[in-house]
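The values are calculated or read from the model by the stated rules, or taken from the named source; none is laboratory data. Remember, predicted model here, so these are calculated numbers, not experimental data. A quick note on method: Cβ atoms are made from the backbone with ideal geometry, for glycine too, and the neighbour counts reach across all protein chains shown.
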Ligand code: NAD
Ligand code: IPM
Ligand code: MN
């Protein structure tokens, strides 16, 4: 039985025909070679459900790991398939082009997704004036994950006021779904400025200058004033720092660098510095370092090997991750995960790059960043092996020195073929 208040979901599984059902399992079809059954599981709480099928094997499902595993006589288990509900926001410019390739690759990896497409972005705004209706946000909360291409109008366009989509859609999702970690991994590709780099930026994703504190006084007059504050809470900084230390503790180099501007931002910088130092005491095996953000731009170009895990505030994280993408081989390879580590709702996966209107519709967009973002999504959903296979397929594709003229779809095909 499900614990009270816990939402149910079903895993569709396929098992050999000789299996017999226990009361936990609801068979819903039998073919000559397979029995199809549904296994009741639950979306939260820490518990393990094991179903023993007479016939020499069992299936266990861990709600924390979100994995459906065959145990016992593995020959008896043919295959098990979990279906995930994914909200898809293609968005603007190259966004729809690159997420189409990401879905192609996920499908080639054998994953079963139930996709709900959301028409959001500049077109919808210009057509209806809507950016993210509350009802759509509520629907998105019910998804297992969200995959997003990019949103935003061409830079300098006046049809859509600057920030309308970026704040109203993307940042609203980050804030309202409490996606407080923006995880951006960088591994160099051959011929990049930093082909051997391998580091992760953990960007605080709900506070800082992005929080929207500020406003105008006397707008439009010669005496107008505009302020834009930076909001840094102890709670917000600490939870982000803790996530970064946990990650550093699991990586081979055990190294964490705080990037900030403590020499000038003496209030926010001080809070960050003290918080990171305090959290560090819980992770004695992680070596801790500090760089100012301006110097970080030098080191990213001249000595990126010094970085393992970087933790930083929202705006610095935005800026240094475009630079990191460029040194690692190009922004077309840079993936990101906007995570709700508490798993109280879906996390959102998207490339680091934007809508790139300058190349939209030309087939020049590199879908690798979107594909790598989809791999981060699979990993988060507990499909760790599939995520690794997709990541490996991307790596192998890159290592094959592909023709630089390959189109967006041809790159997607070439990666999908490797799976
Ligand atoms: P951008 O990332 O869209 O483009 C910057 C440069 O990188 C351009 O020259 C573009 O052609 C190139 N580029 C980007 N993605 C590429 C890819 N996959 N393959 C090859 N080249 C690629 O940044 P921008 O021009 O500053 O912003 C355009 C719009 O996108 C703006 O409205 C901005 O607000 C928005 N934006 C959205 C997101 C997002 O949705 N996550 C991120 C960044 C920018
Ligand atoms: C990113 C983008 C966004 C950001 C914009 C579009 C709001 O640049 O994801 O890096 O600044 O975070
Ligand atoms: Mn950015």
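If only residues of region 323-343 that are buried (at least 20 other Cβ atoms within 10 Å of the Cβ) and part of a loop (DSSP other than H, G, I, E, B) are counted, the one that is nearest to ligand 1 (Cβ to nearest atom) is 334. Sort out for me the strands (runs of 3 or more DSSP E) sitting completely within region 129-231 that have 1 or more residues that are loosely packed, with under 15 Cβ neighbours inside 10 Å. Where strands (runs of 3 or more DSSP E) fall fully within region 129-231 and carry at least 1 residues being loosely packed, with under 15 Cβ neighbours inside 10 Å, they are 214-217, 225-228.
Every test in (1) closer than 20 Å to residue 177 by Cβ; (2) assigned by TED's automatic domain parsing to the domain that holds residue 379; (3) at pLDDT below 95 is passed by residue 66 save one, and that test is (2). Within 13 Å of ligand 1 (Cβ to nearest atom) and either over 20 Å from residue 240 (Cα atoms) or crowded, with 18+ Cβ neighbours inside 10 Å (or both), is that true of residue 114? Criteria not met by residue 114. Close Cβ contacts (under 9 Å, 6 or more residues apart or on different chains) running from residues in region 96-108 that are touching a residue at least 40 places away in the same chain (Cβ under 8 Å) to residues that are part of a helix (DSSP H, G or I) and surrounded by fewer than 18 Cβ atoms within 10 Å (Cβ to Cβ) comprise 97/409; 100/409; 101/409; 101/413; 104/409; 104/413; 108/417.
Just one of the listed residues (259, 225) is more than 17 Å from residue 179 (Cβ to Cβ) and assigned by TED's automatic domain parsing to the domain that holds residue 304, and it is 259.
You will find that of 413, 358, the residue that is more than 28 Å from residue 240 (Cα to Cα), assigned to a helix (DSSP H, G or I) and either outside the structural domain of residue 258 (by TED's automatic domain parsing) or more than 16 Å from ligand 3 (Cβ to nearest atom) (or both) is 413 and no other. In region 343-355, the residue that is nearest to ligand 3 (Cβ to nearest atom) out of those that are touching a helix residue (DSSP H, G or I) at 6+ places or on another chain (Cβ under 8 Å) and closer than 14 Å to residue 150 by Cα is 352.
Among the residues of region 291-322, just one is under 16 Å from residue 242 (Cα atoms) and surrounded by fewer than 21 Cβ atoms within 10 Å (Cβ to Cβ), namely 308. For region 146-166, indicate whether the set of residues that are away from ligand 3 (no atom under 16 Å from the Cβ) and either touching a strand residue (DSSP E or B) at 6+ places or on another chain (Cβ under 6 Å) or closer than 30 Å to residue 417 by Cβ (or both) is non-empty. Within region 146-166 (the criterion being away from ligand 3 (no atom under 16 Å from the Cβ) and either touching a strand residue (DSSP E or B) at 6+ places or on another chain (Cβ under 6 Å) or closer than 30 Å to residue 417 by Cβ (or both)), the answer is yes, since at least one residue qualifies.
The residues on offer are 251, 167, and the sole one that is within 21 Å of residue 334 (Cβ to Cβ) and modelled with pLDDT of 95 or more is 251.
For (1) more than 11 Å from ligand 1 (Cβ to nearest atom); (2) in the same structural domain as residue 259 (by TED's automatic domain parsing); (3) closer than 20 Å to residue 88 by Cβ; (4) not in a loop (DSSP other than H, G, I, E, B), each residue gets a yes or a no:
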residue	(1), (2), (3), (4)
315	yes, yes, no, yes
318	no, yes, no, yes
345	yes, no, yes, no
350	no, no, yes, yes
371	no, no, yes, yes
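As a summary of the residue check, residue 194 satisfies the conditions (1) over 16 Å from residue 337 (Cα atoms); (2) away from ligand 3 (no atom under 15 Å from the Cβ); (3) not assigned by TED's automatic domain parsing to the domain that holds residue 303 except for the one numbered (3). Residue count for region 118-139 satisfying the condition of being touching a helix residue (DSSP H, G or I) at 6+ places or on another chain (Cβ under 7 Å) and touching a residue at least 12 places away in the same chain (Cβ under 8 Å): 8.
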